[in-house]
Structure formats: C-alpha cells, structure tokens
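The values are calculated or read from the model by the stated rules, or taken from the named source; none is laboratory data. This is a predicted model, so every value here is computed, not measured. Note that each Cβ is placed from the backbone with ideal geometry, even for glycine, and that neighbours are counted across all protein chains shown. Please note that ligands, DNA and RNA were not included when accessible areas were found on the heavy atoms of the full protein model with its side chains. Shrake-Rupley method; radii C 1.70, N 1.55, O 1.52, S 1.80 Å.
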Amino acid sequence: VLAVAFESSLPELVGTTGNFSASRLPLVALGALFILGAVLSTRRYALTRDVLLGYVAFAQIALAFVIFALVFGGKRYDLWFYLSRLWLGGGFLVLLFGLLADYSGLIERERDETRQVQARAAELENGERRTREILESIDDGFFSITHDWRLTYVNQRAASVIGASPAELVGQNLWEKF
C-alpha cells in the first residue's frame, strides 16, 4: 500500500541505475525486520499450530520481498516492479482470507458451545422439574434448608401442615419463622 502511495518517490529509492546506495540502508533494515518477524511467526506457528501466525508470516515475507525488490531489484516499471505489487497484493489477500477463515471457524465453535450450553440447561431444567414432581407427589411433608437454616424448598404437603403457601416459606430462616 505504501509502495503505491509513494510511487512518485520510487526513483529516489531505487535509483536510475539500480545500484545499491547507503541511502537505502533504512529500507534494508525494515526488510530485515519483516524477515525476522516472519521467522519468529513461523517458529511460533510450528510450536502452537495457530494458523493465524502462518498467515501473518506469509504477509511479512511478502512485505520483505517488496522492500528488497525496491532496494536491489529494480527499475521502475520493470518485471520486478510488477511482481512486487502482485506479491504484496497476494500476501495481503492470503492474510485477509486467513483471518476470515479463522473468524468463521471461531463463530462456528461459539455456536457449537452455545448449543451445548443450551442442551445442558434444558437437561438441568428437566431434571429439576422431575425432582419437583417427585417431591410434590409424596404424601409426607418435605422441605430443604441451607447451611444457615434458610428454606430453599417446601412441598405442598409441608406448607399445608404449617398453614402457609410454599412461596411464603421459601427464603425464610427456619428458626426465625418457627
């Protein structure tokens, strides 16, 4: 993108003869940084198998190629000039499509996890409903309490013995109420 934006400055960067000059040393250093970044991204990819790092490494290699093509290769509008633009565009396309593929994979994983959570919530809800049905069907009064004596469940039979509704009793402290 920068090579296209500063195309009018290319003759100063490349020179008319294509010979190396000291004024191009910052570009060489920048290209070396891109190559170092590509090597580090590739090594990290080999360790973690994170495909995003592979895409980033490819884009960094493309940028380094374009910089070195500008510094060492060439003349304006020669074969290297056009190849560097194709390589740069290709590198960014690989990075873009890699990011999109990774993003769509992430969305699919999130959907799968959401379905699993919803299925587990439905199982828990069904189990709670069955437990309530069983506790309501017994003839004896039944209640459950927490460690600090708060009522968490009172079946209809226990509530009728006490003379209150289950909704009035749940949440009350057993010792304070009675």
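Here are a few things to note about the model shown:
- Convex hull of alpha carbon positions in the stretch 38-139: directionally averaged projected area 9.0 nm².
- In this structure the stretch 59-167 gives 69 Å² per residue of accessible area when probed at 1.4 Å with all protein chains present.
- Cα gyration tensor, the stretch 117-178 - rounded (a/c under 1.5), prolate or oblate: oblate
- Cβ-based net charge around Val161, under 13 Å, with every Lys or Arg adding one and every Asp or Glu removing one: -1
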